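> Encoded as structure tokens, here's the structure I'll be asking about.
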Amino acid sequence: MNNNYDDKIILDPKNDIVFQKIFGSPENEDILISFLNAILEETEKEKIKHIEYVDTKLSDIEAVDDKIGILDVRVITEKEIHINVEIQLINRYNMLKRTLFYWSRLYSNQIKKGEDYKRLNKTITINILNFNYIESKKYHTAYHLYEDDERTMLTDILEIHFVELPKFLDENLEMNNSLDKWLTFLTKPEKEVMEVVEMSEPAIRKAITVLDMLSRDPETVRLAELRMKKILDEKSMLEGAKEEGKIEGLEEGRAVGKTEAKEETAISFLKLGMSEVIVAQGTGLSIDRINELKAKLEND
């Protein structure tokens, strides 16, 4: 193990290895409770006072090469509300479907086959994103089930939050509320910034201390660096695939355009009374496609 580490370095709390160690450890329950209450201030009438951690064991980072982003935090509150917090550093372009899938699994796994549906409790998913994704100017958005016209809520049993950190950084905020202070901790953990924030938030003061301890732990630093390398590798592959997809999409679009032009020509020939065989030979389309176009003409 390499013990040559810089004790002046502060690890990035957004790194999901670090995030999970800060917020996903039972000994840091007060930290997570403060963070959750800051996010849920507008949607939950009563503040969370106690939580029970679910699946708190930190996965072996070196055994999950293909599963970036599995280090989430799951808890159950004293009101039996199930909450999942996940931090995403890269955009996989499937966030909405992924979120609904994980929400539904967290919700349905509350009961076993044959048990009463009444045992299903409110389930909240919180996504902390290091990229912009939602079509809203707000950096914190919350979603529920509403009737389309009257905007009445069907049920509050589904609740999904998105916190987009780049949008937060674009705001000129004065950190007047707890959420702004927590997001400042996640995005600007530098000492000079934190000295201003920590005075009014004991839980943030503790989080800063935990982050400092983790930053001095060689094993955590090693795992965090390994995690970031894997994330950067995946980001590079995703961006490469996206660019390749653009090229493929352009080529497909050209092919579609050529086919449409051939079909328009074929329709014109058919209207002139030419035989299907001659039209097929002249346009390069199959006899079957010519017959389909002819049938469509006759039915129009």
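> If the Cβ limit is 8 Å and pairs must be 6+ apart or interchain, which residue in region 162-181 that is in contact (Cβ under 8 Å) with a residue 12 or more places away in the chain pairs with which residue that is open to solvent by less than 60 Å² (accessible area, probe 1.4 Å) and charged (D, E, K, R)?
165/14; 168/180; 175/181; 178/201; 181/201
> Can you find even one residue in region 192-215 that is surrounded by fewer than 18 Cβ atoms within 10 Å (Cβ to Cβ), part of a loop (DSSP other than H, G, I, E, B) and among the charged types (D, E, K, R)?
No, the conditions are met nowhere in region 192-215.
> What are the pairs, 6+ residues apart or on separate chains, where a residue within region 25-38 that is within 14 Å of residue 183 (Cβ to Cβ) has its Cβ under 6 Å from a residue that is open to solvent by less than 30 Å² (accessible area, probe 1.4 Å) and part of a helix (DSSP H, G or I)?
34/203; 35/182; 38/179; 38/182
> Restricting attention to region 121-131, which residues are open to solvent by 20 Å² or more (accessible area, probe 1.4 Å) and either at pLDDT 95 or above or not in a loop (DSSP other than H, G, I, E, B) (or both)?
Let us first name the residues in region 121-131 that are open to solvent by 20 Å² or more (accessible area, probe 1.4 Å), namely 121-122, 130-131.
Those that are open to solvent by 20 Å² or more (accessible area, probe 1.4 Å) and either at pLDDT 95 or above or not in a loop (DSSP other than H, G, I, E, B) (or both): 121, 122.
> Taking region 23-46, which residues are β-branched (Val, Ile, Thr) and at pLDDT 95 or above?
Restricting attention to region 23-46, the residues satisfying the condition of being β-branched (Val, Ile, Thr) are 31, 33, 39, 43.
Once the filter is applied, which keeps residues that are β-branched (Val, Ile, Thr) and at pLDDT 95 or above, region 23-46 yields 31, 33, 39.
> Please name all residue pairs, on different chains or six or more residues apart, with Cβ atoms under 8 Å, provided the first residue is in region 141-154 and is closer than 17 Å to residue 103 by Cβ and among the small types (Gly, Ala, Ser) and the second residue is part of a loop (DSSP other than H, G, I, E, B) and open to solvent by 90 Å² or more (accessible area, probe 1.4 Å).
Short answer, once both residue conditions are applied: 142/42.
> A further question on this structure: Return only the number of the condition from (1) part of a helix (DSSP H, G or I); (2) closer than 16 Å to residue 19 by Cα; (3) at pLDDT 85 or above that residue 231 does not satisfy.
Unmet for residue 231, out of (1) part of a helix (DSSP H, G or I); (2) closer than 16 Å to residue 19 by Cα; (3) at pLDDT 85 or above: (3).
> Could you please find all residues in region 164-191 being in contact with a helix residue (DSSP H, G or I) (Cβ under 7 Å, 6 or more places away or on another chain), surrounded by 18 or more Cβ atoms within 10 Å (Cβ to Cβ) and not polar (S, T, N, Q)?
165, 168, 179, 181, 182, 183, 185, 186, 189
> If you go through region 72-113, how many residues are open to solvent by 80 Å² or more (accessible area, probe 1.4 Å), of a type outside the set (Phe, Trp, Tyr) and either in a helix (DSSP H, G or I) or more than 25 Å from residue 29 (Cβ to Cβ) (or both)?
6
> Within the group 130, 84, 121, 177, which residue is within 10 Å of the chain's Cα centre (by Cα) and not β-branched (Val, Ile, Thr)? Reasoning before the result, please.
Details: 84 fails: within 10 Å of the chain's Cα centre (by Cα); 121 fails: within 10 Å of the chain's Cα centre (by Cα); 177 fails: within 10 Å of the chain's Cα centre (by Cα).
Exactly one residue qualifies, and that residue is 130.
> Oh, and also: Could you tell me which of the residues 276, 248 is open to solvent by 30 Å² or more (accessible area, probe 1.4 Å) and modelled with pLDDT of 75 or more? Don't jump to the end; show me each part of the working.
Working: 248 fails: modelled with pLDDT of 75 or more.
Answer to the selection: 276.
The values are calculated or read from the model by the stated rules, or taken from the named source; none is laboratory data. None of the values given here were measured: they were computed from a predicted structure. Virtual Cβ from ideal backbone geometry, glycine too; neighbours counted across all protein chains shown. Accessible surface is based on the protein model in full, side chains and every heavy atom, while ligands, DNA and RNA are left aside. Shrake-Rupley method; radii C 1.70, N 1.55, O 1.52, S 1.80 Å.
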